[in-house]
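Worksheet: the structure to be examined is printed underneath.
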Amino acid sequence: MVMAVTGNEATTHNFETVAQANKLNAKRSDALKLPAPNISKALDDCAWPKDPCGKPICAVCARAYRIQIFEQVRDIAETLEGKAEIATVYLGAIEAGSLVKVKIASAHKKLRRRLNASGFGSAILIGGTEVAWIQDSGHWALHVHLLALDVPNGAWDQLAASLKKNAPPFPVERQDLEDPGEQLSYLTKFFTFHRPGKGNAAGHARAMPLPQKRLFELARWWDEYRFQDFALLYNARRVHGQILVRNDDGTRRSRK
């Protein structure tokens with residue numbers, strides 16, 4: 001279930017408006033009418049917040065979920081002491097047409113094993129799972145965006161070394177948490193665009209809608225999951241929709 005979220009200006013300015021999300025839904029519904037009429041109808045019938053469809057393809061429900069997670073993660077970052085970083089970890093390349101074979105739980109299990117073997121110990125990692133369509137090479141890039149707290153020295157290097165095979169030059173990218181509003185709102189995304197072409201001065205190519213075949217592939221894959229299935233939690237867990245983190249003195253609820 002996706003909770004109704006209105007939020008205050010300090011939170012929602014980092015996200016699209018409900019009106020903008022509804023426009024996205026209309027475009028997605030039109031594009032999916034022929035290849036996925038059941039998903040298209042679910043978008044048309046979504047009555048958020050009273051009767052949300054709860055589908056990751058739904059921009060309105062995704063917005064509500066993302067704000068809910070953002071507020072919890074922001075409070076965790078503000079409450080807990082220690083070094084805070086944002087990291088993107090590459091998990092693998094998936095050929096076009098093969099996305100349906102990817103099992104999120106299996107990908108998370110493999111990553112947790114690597115984290116344990118790389119010495120992450122009591123570090124806390126919270127984030128979301130995403131795939132990005134890479135037009136030039138014709139594959140999906142499976143990755144996670146993470147808030148990382150108190151990662152031991154050397155652990156990131158060990159993790160990167162374990163991911164080197166069949167990975168891009170930088171399988172792990174990191175930056176300090178300096179702008180929580182911007183950086184933490186980026187952890188969980190359900191976007192239906194890609195960035196072909198050359199990057200601009202800021203390093204980003206222009207965002208373009210996914211080709212219809214790739215949109216259908218992504219929508220079909222998303223439709224197998226609930227929002228919470230995309231969350232990656234390490235030394236943290238979810239209880240009744242609330243993220244709890246484990247500290248040396250036991251489990252503590254994130255501050256609200």
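The values are calculated or read from the model by the stated rules, or taken from the named source; none is laboratory data. Please read these numbers as outputs of a predicted model, since none were measured by experiment. Cβ atoms come from the backbone with ideal geometry, glycine included; neighbour counts cover every protein chain shown. Ligands, DNA and RNA are stripped out before the accessible areas are found, and what is left, the full protein with its side chains, is counted by its heavy atoms. Shrake-Rupley method; radii C 1.70, N 1.55, O 1.52, S 1.80 Å.
Bridging of LYS23 to lysines at a Cα separation below 24 Å is possible for LYS33, LYS41, LYS50, LYS55, LYS189, LYS213, once same-chain residues fewer than 8 apart are set aside. If you run the Gaussian network model on the chain, springs between alpha carbon atoms under 10 Å, then out of VAL100, VAL144, VAL60 the most flexible one is VAL100. Residues whose amide H comes within less than 5 Å of that of LEU244, counting only those at least five positions distant or on another chain, are ARG237, ARG238, VAL239 (H built at 1.01 Å from N in the peptide plane).
Compute log10 of I(q)/I(0) for region 167-243 with the Debye formula, placing one identical point scatterer on every Cα and leaving out solvent, at q = 0.24 Å⁻¹, to two decimals. Log10 of I(q)/I(0), two decimals: -1.31. Using every pair of separate Cα atoms, the Kirkwood estimate puts the hydrodynamic radius of the chain at 19.1 angstrom. The alpha-carbon positions of region 1-110 define a convex hull whose volume is 152 Å³ per residue. For the set HIS240, HIS108, the ranking by accessible area, highest first and with no ligand, DNA or RNA atoms included, is HIS240, HIS108 under a 1.4 Å probe.
Once the 1.4 Å probe is applied to the protein heavy atoms, region 1-119 comes out at 51 Å² accessible per residue. Using equal-weight Cα scatterers in the Debye expression, the normalised intensity of region 50-166 in log10 at q = 0.15, 0.17 Å⁻¹ is -0.83, -1.01.
Using a probe of 1.4 angstrom and keeping all protein chains present, the accessible surface of region 133-221 works out to 57 square angstrom per residue.
Here the gap between LEU80 and ARG220, fully extended at 0.36 nm per residue and compared with their Cα-Cα distance, gives a gain of 46.6 nm. Each label point is 7 Å from the Cα along the Cα-to-Cβ direction; what then is the distance between the points at PHE193 and ARG238, in nm? Placing both labels 7 Å along Cα→Cβ, they lie 2.6 nm apart.
Each residue of region 30-45 was assigned a 3J(HN,Hα) from its phi angle through the Karplus curve 6.51 cos²θ - 1.76 cosθ + 1.60 (θ = phi - 60°); the sequence is 4, 5, 9, 4, 7, x, 9, x, 5, 6, 4, 5, 4, 5, 5, 8 Hz, with glycine and proline shown as x.
Taking 0.36 nm per residue of separation and subtracting the Cα-Cα distance, full extension of the segment from ALA47 to GLN135 would add 28.3 nm.
Rounded to a whole number, what % of the accessible area of the chain do carbon and sulfur atoms account for, probe 1.4 Å?
Using a 1.4 Å probe with all protein chains present, the chain comes out at 50 percent carbon and sulfur.
Per residue, the convex hull spanned by the Cα atoms of region 37-87 amounts to 79 cubic angstrom.
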